[in-house]
1. Within region 166-185, how many residues are out of contact with any helix residue (DSSP H, G or I) (no Cβ under 9 Å at 6 or more places or on another chain), within 14 Å of residue 62 (Cβ to Cβ) and not charged (D, E, K, R)?
2. Here is a list: 136, 123, 162. Which entry is modelled with pLDDT under 95 and under 46 Å from the mean Cα position of the chain (by Cα)?
3. Any idea how many residues of region 304-325 are under 32 Å from the mean Cα position of the chain (by Cα) and on the phi > 0 side of the Ramachandran plot?
4. Conditions first: (1) farther than 15 Å from residue 36 by Cα; (2) in contact with a Gly (Cβ under 9 Å, 6 or more places away or on another chain). Residue 288 passes all but one, so which condition is the exception?
5. Sort out which residues of region 40-67 are loosely packed, with under 13 Cβ neighbours inside 10 Å and of a type in the set (S, T, N, Q), and write them in order of number.
6. Quick one: in region 58-74, which of the residues that are assigned to a loop (DSSP other than H, G, I, E, B) and either in contact with a Gly (Cβ under 8 Å, 6 or more places away or on another chain) or touching a residue at least 24 places away in the same chain (Cβ under 8 Å) (or both) is farthest from residue 160 (Cα to Cα)?
7. Where in region 225-320 are there strands (runs of 3 or more DSSP E), lying wholly inside it, with at least 2 residues that are touching a strand residue (DSSP E or B) at 6+ places or on another chain (Cβ under 6 Å)?
Amino acid sequence: MNNLARTGLLAIIAVAVGLAAIAPLQAEPALTKGSAIATEQRLADYLQLQGVVEATNAATVSAQVSGRVERVLVEVGDEVPAGATIVTITSVEQYQLLSQAQSQLAAAKANLLAAQQEYDRVERLVTQNLLPKAEEDRVKAALDTAKAQQKSAAAAVARAQEQLSYTEVKAPYGGLVSERLVEPGELVQPGTPLLSGFDPEQLRIHVDIPATYASAAAEYQWARVAGVEPVDFQVFPTAHQQSGTQRIRLNLPANTGFLPGQWQSVQVQVAEHQGIVVPAKALYRQGEMTLVKLADGSWRAVRTGDTYGDQVEIVAGLAAGEVVQYGN
């Protein structure tokens, strides 16, 4: 090969190597402001379900004593701290019972003191052989009886105090009043419902999922309740025989703004796949068509899938790596 030919061949090789070196740079399209690349990602497959929000802590407070309602201190919608007095019930009978029990306790204490003093006296005389041992046994039995009577009287006072405390009905935990069931002047008995309430900071939702998806749902442990991420995800281990479903319990974080009884949409992940996504703002609607604007300014119809945050899956019409424009 002559020198001229050899020089030409080397030049061709050099150009080829140079092109190979810059080829990867050309594969990445240059982005301008207001453009994005269609990218391929792993995307979740969801089941769309519905569930009813319920309060984890919800209760109806009932009367524990008989009497008439004196005051109802809260209204529906009021926020009540734990331990606050919410209803008062007439306490005349309870005070009378407490006074009677305290009088009986005072008498029992006096009787016990006298029995103790008598026992001490007899014990000394028996020790001095001035009284028979049988006399000591007699006063010892009387002392034991007095001790038992004093203990019983003290228990009666405690019960009376407890009954008196029930005339001031307390909130079992902090929360919102959801229902007012009595008014002042009404006669109540033990078990009469007074007020209902719930803790708005501890809510949950149950959804029923086809049993065939239950194991996948348990594996992914991913759900959203109207966009809110739950703090706990539990799949019940048993299936409903008639419906063929399994129940999922989702405990919700505080301050969701949800209320018990509300229906909410629930997404539960059961699989995943590879998909192409573009920003939602890169999609344009024209009648029933969805369009994207390509880098060269042309328009193309696409078919969309699910939305993932601010990204939308493109099921057909666009390949990974293509550039789309938005905002112009």
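The values are calculated or read from the model by the stated rules, or taken from the named source; none is laboratory data. The model shown is predicted, which means the values in this text are computed figures rather than measured ones. Glycine also receives a Cβ, built like all others from the backbone with ideal geometry; neighbour counts cover every protein chain displayed.
1. Residues flagged as out of contact with any helix residue (DSSP H, G or I) (no Cβ under 9 Å at 6 or more places or on another chain), within 14 Å of residue 62 (Cβ to Cβ) and not charged (D, E, K, R) within region 166-185 amount to 5.
2. On the way: 136 fails: under 46 Å from the mean Cα position of the chain (by Cα); 123 fails: under 46 Å from the mean Cα position of the chain (by Cα).
So the residue among 136, 123, 162 that is modelled with pLDDT under 95 and under 46 Å from the mean Cα position of the chain (by Cα) is 162.
3. Count: 1.
4. (2)
5. Selection gives 48, 50, 60.
6. At the first step, the residues of region 58-74 found to be assigned to a loop (DSSP other than H, G, I, E, B) are 63-66, 73-74.
Filter again for either in contact with a Gly (Cβ under 8 Å, 6 or more places away or on another chain) or touching a residue at least 24 places away in the same chain (Cβ under 8 Å) (or both), leaving 63-66, 74.
On the way: 63: 16, 64: 13, 65: 11, 66: 13, 74: 27 Å.
Looking at the filtered set, the residue picked out is 74.
7. Those strands (runs of 3 or more DSSP E) span 232-240, 245-251, 263-279, 289-294, 299-308, 311-316.
Residues checked against (1) free of Cβ contacts under 8 Å to residues at least 40 places away in the same chain; (2) farther than 22 Å from residue 50 by Cβ; (3) basic (Lys, Arg); (4) not assigned by TED's automatic domain parsing to the domain that holds residue 44:
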| residue | (1), (2), (3), (4) |
| --- | --- |
| 214 | yes, no, no, no |
| 274 | no, yes, no, no |
| 284 | yes, yes, no, no |
| 299 | yes, yes, no, no |
